[in-house]
Amino acid sequence: MTEKVIVGSEEWCSLPELKVPAIKVRVDSGAKTSALHAEQITQFEKNGEKWVKFVIHPIQRNAKHAIICEAKVIDKRIVKSSTGTRESRYVINTEVSLGDKSWVIELTLTNRDSMGYRMLLGREAMSGKIIVDPDEHFNFGIVTPEKLREYYSTETSEKRGLRIGLLASNPELYSNKRIIEAGELRGHEMHFLNLKHCYMKLDAHQPEIHYRGGRVLNDFDAIIPRIRPSMTYYGCSLIRQFESLKVFSLNNAASITQSRDKLFSLQLLLSHGVEIPTTGFANSPLDTNDLINMVGGSPLIIKLLEGTQGKGVVLAETKKAAESVINAFKSLNANILVQEFIKEANGKDLRLFVVDGKVVAAMQREALPGEFRANIHLGGKASIVKVTSEEKKIAIKAAKAMNLKVAGVDIIRSSKGPLLLEVNSSPGLEGIEGATGKDIAGEMIKAIEKNFKWLNL
């Protein structure tokens, strides 16, 4: 293309290589970079090169029409958006067609749900090719609603699978990517829903959940919640809203809420006959001495009630050290548990993964040299382990007591027999799938299918 063509501030174009027959684009010479709306962006390798798989909803505020695309990654860079936020984006090359003119441009992939256009054409893509007349619009014609229906009619074919949303915060986490992959492999329509982009309408007659940009999330069959601890309150509020819309949640809001309250969850487990290490809880620093003696003296474990993934857990090897740590936490008005130290465990514990009332995988976690507690997140070692029938029964009983369909149950072997440490309602998959080779993400999808009596052929 040698002659420059005059385009308006908005146009209809196509992306032939991505099989997008029509998409409305904002032509903006004030923006340097071009951008395309993309969801469920997943990196993979193809012939030794980095590629990305992603989903495009080419029509604004319409999630029914989805195109699954693949493209080679040419870069990953930090881009500053029009709102001033900086974001790391994948960059691809693809052909754009405008009227009878076509050329290859760079596109960054990002979520543009909050924008008025699914695609932005920046000045780098215009250089030497087009001239923008901001007073003009659709110089190359308008694509009518009827034409759009014709273009995307193939996307309205008979529904093959369930429509499942993964409610989480980070699409790049191994666990989240594996769950999306497992659902798609079993023929379901999977959507990553960033809980920070969801908001809700409370109404007696028409309750709704909206997604960034105004899209209404009213047609999901099920959700898989993976709520980080810092987002428990808001995340569980969203789950309750989905539940009010009769959407099945793999773990419900009530079970997640109680699992995040360490003291309440331990009390609940004890009431169901699950053995735990002797544990103490107090409010006043004046009771520190008796609290230490109550759990058998030093050494002992001190846990912040709000701690997660091994953070906020301290080993006090002497009574003096225990008094100092407990009083320091109390002076900060922090709620803590004091727990007996199981020396004979030698820095090892078990993680049993329970899905729908069955132990589907188990691993042993071993602490790093010099550490007292095994933790994969902090560099601990994971290995296959043969668990006893008693340990399996404890894990299943614990998940049932907490009313969790998916649970990571941590057990420690002691001279008194197996003892339960805690129950995690959003257990990670990377360590245990890597150690055991089990398809745990697939088991989670099967649990949803079972709820719907779904026959996966």
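The values are calculated or read from the model by the stated rules, or taken from the named source; none is laboratory data. Please read all numbers here as calculations on a predicted model, not as lab measurements. As a convention, Cβ positions derive from the backbone with ideal geometry for all residues, glycine included, and neighbour counts pool all protein chains shown. For the accessible areas, the whole protein counts, side chains as well, though only heavy atoms, and no ligand, DNA or RNA atoms are used. Shrake-Rupley method; radii C 1.70, N 1.55, O 1.52, S 1.80 Å.
Quick notes on this structure:
- Here segment 297-352 is the region considered, the condition is being of a type in the set (D, E) and open to solvent by 50 Å² or more (accessible area, probe 1.4 Å), and the residue that is modelled with the lowest pLDDT is E306.
- Segment 184-216, residues that are in a loop (DSSP other than H, G, I, E, B), open to solvent by less than 60 Å² (accessible area, probe 1.4 Å) and either among the aromatic types (F, W, Y) or out of contact with any helix residue (DSSP H, G or I) (no Cβ under 8 Å at 6 or more places or on another chain) (or both): G187, G213, G214
- Listed by position, the strands (runs of 3 or more DSSP E) contained in segment 1-83 that have at least 1 residues being free of Cβ contacts under 8 Å to residues at least 24 places away in the same chain are 39-46, 49-56, 67-80.
- Total residues in segment 1-21, condition among the aliphatic types (A, V, I, L, M), closer than 13 Å to V96 by Cβ and surrounded by fewer than 18 Cβ atoms within 10 Å (Cβ to Cβ): 2
- Subset of segment 415-432 that is open to solvent by 20 Å² or more (accessible area, probe 1.4 Å) and polar (S, T, N, Q) - its residue that is nearest to the chain's Cα centre (by Cα): S426
Yes/no per residue for (1) closer than 18 Å to H197 by Cα; (2) open to solvent by 50 Å² or more (accessible area, probe 1.4 Å); (3) under 22 Å from the mean Cα position of the chain (by Cα):
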position	(1), (2), (3)
K32	no, yes, no
Q40	yes, no, yes
K46	no, yes, no
I56	yes, no, yes
D75	no, yes, no
Y90	no, no, yes
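- Matching residues, segment 93-121, being in a loop (DSSP other than H, G, I, E, B) and either surrounded by fewer than 13 Cβ atoms within 10 Å (Cβ to Cβ) or within 31 Å of the chain's Cα centre (by Cα) (or both): D100, N111, R112, D113, S114, M115, G116, Y117, R118
- Qualifying residue in segment 344-357 (condition: within 22 Å of A282 (Cβ to Cβ), among the small types (G, A, S), in a helix (DSSP H, G or I) and touching a residue at least 40 places away in the same chain (Cβ under 8 Å)): no
- Matching entry among A395, A441, A435, A401 (being on the phi < 0 side of the Ramachandran plot and open to solvent by 20 Å² or more (accessible area, probe 1.4 Å)): A435
- Count of segment 409-440 residues, restricted to those that are in contact with a helix residue (DSSP H, G or I) (Cβ under 8 Å, 6 or more places away or on another chain) and more than 20 Å from I239 (Cα to Cα), is 18.
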